[in-house]
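Visitor: One structure coming up, written as structure tokens, with questions to follow.
Where a number appears in this text, it was derived from the coordinates with a stated rule and is not lab data. As the structure is a prediction and not an experimental result, all values here were calculated from the model. Cβ placement follows ideal geometry from the backbone for every residue including glycine, while neighbour counts extend to all protein chains displayed.
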Amino acid sequence: MRHGNKNNNLSRTASHRKALLMNLGCQLITNKRITTTLAKAKALRTYIEPLITKTKNTDSKEAIMHNHRIVFSYLNDKIAVKELFTVVGPKIAGRPGGYTRIIKLGARTGDNAELAMIELVDFNEIYGKGTAKAAEPAKKTRRAGGAKKKATKADEASEEATGTEEKAEA
């Protein structure tokens, strides 16, 4: 019985699975898009998204170095870690999660395995804002309409000011 065992073993030993996800993760970070089987892509998503989230914590220098070390222990590739923290991290700063996208490609001809393409969402120019600059982190607020009310009052005040100027000129 496999009660409570939610990770996909991918028919590999623990060390082989760790090495596989490490290599796939490094290739995804450096190339921004890779093609693999659907099961490996789904396993890679759960492996890589927490690592990408660690690039967002920029509170202090100690926290940044600690996150570098944690991510390096998962990837074991200095180039991929540097790419993750310098290129990928600033670009996903405003995104609250969901950094990867899996697109199914159909079955492979040799063994009929389901293929999928996994890519980093912010680095795709076809779907939406791929060329956008680094976004600022999303503001966290619990107020529902406070900003709207202030904006509409400011707009009304500016319209009244421009309306009185136009009347004065006429």
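Visitor: Restricting to segment 33-76, count the residues that are among the aromatic types (Phe, Trp, Tyr) and surrounded by fewer than 18 Cβ atoms within 10 Å (Cβ to Cβ).
Guide: Within segment 33-76, the first condition is being among the aromatic types (Phe, Trp, Tyr), and the residues that meet it are 47, 72, 74.
When the remaining residues are screened for being surrounded by fewer than 18 Cβ atoms within 10 Å (Cβ to Cβ), the result is 72.
Going through segment 33-76 one residue at a time, the tally reaches 1.
Visitor: Which condition number does LEU24 fail, the rest of (1) out of contact with any helix residue (DSSP H, G or I) (no Cβ under 7 Å at 6 or more places or on another chain); (2) without any contact (Cβ under 8 Å) to a residue 60 or more places away in the chain; (3) aliphatic (A, V, I, L, M) being met?
Guide: (1)
Visitor: If only one of ALA113, ALA93 is of a type in the set (Gly, Ala, Ser) and either more than 21 Å from ASN7 (Cα to Cα) or free of Cβ contacts under 8 Å to residues at least 40 places away in the same chain (or both), which one is it? Explain how you work it out, then say what you get.
Guide: Details: ALA113 fails: either more than 21 Å from ASN7 (Cα to Cα) or free of Cβ contacts under 8 Å to residues at least 40 places away in the same chain (or both).
After ruling out the rest, the residue left standing is ALA93.
Visitor: Also, I was wondering about something else. Please enumerate the residues belonging to segment 27-50 that are among the β-branched types (Val, Ile, Thr) and in contact with a helix residue (DSSP H, G or I) (Cβ under 7 Å, 6 or more places away or on another chain).
Guide: The answer is ILE29, THR30, ILE34, THR36, ILE48.
Visitor: For segment 27-54, name all the residues that are more than 19 Å from VAL87 (Cα to Cα) and without any contact (Cβ under 8 Å) to a residue 12 or more places away in the chain.
Guide: none
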